[in-house]
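K.L.:
Submitted below is the structure of interest, expressed as structure tokens.
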Amino acid sequence: MFSSNPIKTILTDYPLIILDGALATELESHGCNLDDPLWSASVLLENPELIYQVHTEYFQAGADCAITASYQASIAGFAKRGMDETVALELIKKSVTLARKARDDYWQKHKQPTRPKPLVAASVGPYGAYLADGSEYVGNYGVSDEALTDFHRSRMTALIEAGADLLAFETIPSLQEATVLATLLKEFPDTYAWLSFSLKTDSEISDGTLIRDCGSLFVENDQIAAIGLNCAPATIVTDTIKNFKDSTNKPIIVYPNSGETYNPDTKTWHGEEACSGLNHKEWFQAGASIIGGCCRTSPRDIEEIAREWRK
């Protein structure tokens, strides 16, 4: 017996769920150095109060959902820092605890009839994020399904135990890893997740699988509450939505980056210096009902969306 689908519940009463924007970008703007294999997860160790602050800033901007600082948090990754499994799992859980506290503290003071109580989505980044070599934008890991299952199971368990409202399978580059995650989700029958892919083009995910095939493959999986894209250039979002729309009746989620290009060797971004705008009206009209921003977007971008939808 499933618990209620949190995305479906909100979309029954509201036309759009507004996600937050980039966590890492804001942490850097507050002085964090994220040139680290753990990326934003390193701040769980060094300055967790700042993660709480950034989550709060996004709620203040109008976000209906916070994505936790667990994208690159894994037992294997923390082990490289000399931490045992128990400590690693507590840090992974802490990413949810911080987001939940920020949400609850904000909502207690600012409950509003024009928006739903925000969700906490626990980020489950791809295996490539642990590798920290940019392979989440390629997906050809050369590892077995069993290895991927073992990698993801323990941290998914920790995130769920910490009280996340749902999981965010995000920046998933390959059909192999998406299938592994969807299969693994069945071990947690009361849990829902969204599935968002990194893209090669507006018709293919990073490993070359057609978006229409991805949409149709998961359409019967009731635990996948939404499907779409993240960390792709905003310029290809509209056409990508249409390709998903042709193959699925699930809510479509989009949270693109600013359009800059990431260099995994230097861990820096190049190209456009600022987000050219999240075209939320166009994306909504194309069929997306969950919209936010990924890398290099900010609370200002989320505030612009909220301003239009909360009139």
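The values are calculated or read from the model by the stated rules, or taken from the named source; none is laboratory data. Worth saying up front: this structure is predicted, and the values here are computed from it rather than measured. We place every Cβ from the backbone using ideal geometry, glycine too, and count neighbours over all the protein chains shown. Ligands, DNA and RNA are excluded from the accessible area calculation, which covers all protein heavy atoms including side chains. Shrake-Rupley method; radii C 1.70, N 1.55, O 1.52, S 1.80 Å.
K.L.:
About the Cα centre of segment 6-310, how large is the charge dipole given +1 on each Lys and Arg Cβ and -1 on each Asp and Glu Cβ? Please answer in debye to the nearest 20.
P.N.:
Numbers: 26 positive and 43 negative charges, 179 e Å.
Using Cβ point charges on Lys, Arg, Asp and Glu, segment 6-310 gives about 860 debye.
K.L.:
While we're here: Which residue, 96, 134, 106, has the largest displacement toward the positive end of the dipole of segment 6-310 when charges sit on each Cβ (Lys, Arg +1; Asp, Glu -1)?
P.N.:
With unit charges placed on the Cβ atoms, the residue in question is 106.
K.L.:
What dipole magnitude, in Debye to the nearest 20, does segment 1-148 give about its Cα centre under +1 on Lys/Arg Cβ and -1 on Asp/Glu Cβ?
P.N.:
Values: 12 positive and 19 negative charges, 145 e Å.
In total the dipole reaches around 700 debye.
K.L.:
What does the charge add up to near residue 177, with Lys and Arg as +1, Asp and Glu as -1, over the other residues with Cβ less than 10 Å from its Cβ? Show your work: numbers first, answer last.
P.N.:
Values: positive: none; negative: 136, 145, 207.
Combined, the nearby Lys, Arg, Asp and Glu give -3.
K.L.:
Another one. May I ask you to give the solvent-accessible area per residue for segment 6-310, in square angstrom, as obtained with a 1.4 angstrom probe? Don't skip to the answer; put the middle values down first.
P.N.:
On the way: 12220 Å² over 305 residues.
Accessible surface, normalised per residue, equals 40 Å².
K.L.:
Label residue 307 and residue 213 with points 7 Å out from Cα along Cα→Cβ: what is the distance between them in nm?
P.N.:
Once both label points are built, they end up 4.3 nm from each other.
K.L.:
Can you list residues whose amide H is under 5 Å from residue 21's amide H, if they're 5+ apart or on another chain and H is modeled 1.01 Å from N?
P.N.:
The list, which skips near neighbours in sequence, is 293.
K.L.:
Calculate how many DSSP beta bridges within the chain are antiparallel, expressed in % of all such bridges and rounded to the nearest 5. Mind showing how you got there, number by number?
P.N.:
Details: 6 of 33 bridges.
Here the share of antiparallel DSSP bridges comes out near 20 percent.
K.L.:
Output the relative contact order of the chain, whole-number percent, from Cα pairs under 8 angstrom with separation of 6+ residues. Don't skip to the end; give the middle numbers.
P.N.:
Numbers: 629 pairs, mean separation 63.0, N = 311.
Computed value for the chain: 20 percent relative contact order.
K.L.:
Still on this structure, please answer the following. Mind giving me the FRET efficiency for residue 140 and residue 109? R0 is 45 Å, r the Cβ-Cβ distance, nearest 0.05 is fine. Provide the component values of the computation, followed by the final result.
P.N.:
On the way: r = 47 Å, r/R0 = 1.05.
With a Förster radius of 45 Å, E is 0.45.
K.L.:
Another question about this same structure. Select from 253, 144, 76 the residue farthest towards the positive end of the dipole of the chain; place +1 on Cβ of Lys and Arg, -1 on Cβ of Asp and Glu, and compute about the Cα centre.
P.N.:
Working it through, the farthest residue towards the positive pole turns out to be 253.
K.L.:
Mind giving me the FRET efficiency for residue 30 and residue 300? R0 is 22 Å, r the Cβ-Cβ distance, nearest 0.05 is fine. Let's see the in-between values first.
P.N.:
On the way: r = 15 Å, r/R0 = 0.67.
The pair residue 30/residue 300 has a calculated efficiency of 0.90.
K.L.:
If you roll a 1.4 angstrom probe over the protein chains with everything in place, what fraction of the accessible area of segment 6-310 belongs to carbon and sulfur, to the nearest %?
P.N.:
Values: 5700 of 12220 Å².
The nonpolar share, carbon plus sulfur, comes to 47 percent.
K.L.:
A follow-up question, please. Enumerate by residue number the trypsin sites (Lys or Arg not before Pro) in segment 182-227 meeting two conditions: DSSP loop (anything except H, G, I, E, B), and at most 11 other Cβ atoms within 10 Å of the site's Cβ. Mind showing how you got there, number by number?
P.N.:
Numbers: sites: 186, 200, 212; in loops: 186.
Passing sites in segment 182-227 are 186.
K.L.:
Also: Amide H to amide H under 5 Å from residue 290: which residues, 5+ apart in sequence or cross-chain, H placed 1.01 Å off N in plane?
P.N.:
17, 252, 254
K.L.:
Additional query: If I take R0 = 45 Å and measure r between the Cβ atoms of residue 117 and residue 87 in this structure, what FRET efficiency does the formula 1/(1 + (r/R0)^6) give, to the nearest 0.05? Intermediate values should be presented prior to the final figure.
P.N.:
Working: r = 32 Å, r/R0 = 0.70.
Working from the Cβ atoms, E equals 0.90.
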